[in-house]
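Take a look at the structure set out below.
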Amino acid sequence: MRISTKGRYSLGALLYMALLTDGDYASTRTIAENTDISDGYLEQLFIPLRKAGIVQGIRGPQGGYLLGRSADRITVGDILRAVEGSLELVDCVSSKYCPAQDNCISRHTWSELYQEITDCVDSITLNDLIEAYYAMDKMEYAI
């Protein structure tokens, strides 16, 4: 499995937004300047994120975006599914019927791997990433 730039950039932009003061919103230009993601690309990413309720748009000359729900209710899995689609590694995992399912040795492996990935990304919230960010900022580095 490979997470595309859509997934990586969406997570980075949403983490930036989550670090803002509650209720604050940011324009795509501001987010772009602070995350090194192009303004146009952010606009494209925010379309599926808005449809999924992960971000909300505020119209007008002073408009922008804010999180659609609190950071502790947005998981990495929510974000990835919104912009990447299904996280399944192979099509047969999602299919209710697979013509080879009765004698396919590897289907069980793909299903187990999918479940582990899903459990992992669904257990990490934006709030967890915020806490990790602040903890990382306080670390002392030694060479």
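The values are calculated or read from the model by the stated rules, or taken from the named source; none is laboratory data. The structure displayed is predicted, hence computed values, not measured ones. Using ideal geometry, Cβ is built from the backbone for each residue, glycine included, and neighbour counts are taken over all protein chains shown.
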Next item on the list: Pick out the one residue from GLY60, GLY23 that is free of Cβ contacts under 8 Å to residues at least 24 places away in the same chain and either farther than 19 Å from LEU87 by Cβ or in a helix (DSSP H, G or I) (or both).
Entry: GLY60
Next item on the list: Test each condition in (1) touching a residue at least 40 places away in the same chain (Cβ under 8 Å); (2) surrounded by 14 or more Cβ atoms within 10 Å (Cβ to Cβ); (3) more than 11 Å from the chain's Cα centre (by Cα) for TYR16 and report the one that comes out false.
Entry: (1)
Next item on the list: Could you list all residues from the range 67-103 that are polar (S, T, N, Q) and either in contact with a helix residue (DSSP H, G or I) (Cβ under 8 Å, 6 or more places away or on another chain) or touching a residue at least 12 places away in the same chain (Cβ under 8 Å) (or both)?
Entry: SER70, THR75, SER86, GLN101
Next item on the list: Mind listing whichever residues of the range 73-106 are at pLDDT 90 or above and outside any loop (DSSP other than H, G, I, E, B)?
Entry: ARG73, THR75, VAL76, GLY77, ASP78, ILE79, LEU80, ARG81, ALA82, VAL83, GLU84
Checklist line | Residue among GLY60, GLY64 that alone is out of contact with any helix residue (DSSP H, G or I) (no Cβ under 9 Å at 6 or more places or on another chain) and at pLDDT below 95 | finding: GLY60
Checklist line | the range 115-136: number of residues that are more than 15 Å from ASP72 (Cβ to Cβ), surrounded by 12 or more Cβ atoms within 10 Å (Cβ to Cβ) and not hydrophobic (A, V, I, L, M, F, W, C) | finding: 1
Item checked: Search result, residues across the range 57-82 that are farther than 20 Å from LEU129 by Cα and either surrounded by fewer than 19 Cβ atoms within 10 Å (Cβ to Cβ) or charged (D, E, K, R) (or both) -> GLY57, ILE58, ARG59, GLY60, PRO61, GLN62, GLY63
Notebook entry, point to check: Scanning for something within 16 Å of ALA26 (Cβ to Cβ), at pLDDT 90 or above, outside any loop (DSSP other than H, G, I, E, B) and within 14 Å of the chain's Cα centre (by Cα), does the range 107-119 turn up at least one residue?
Noted result: no
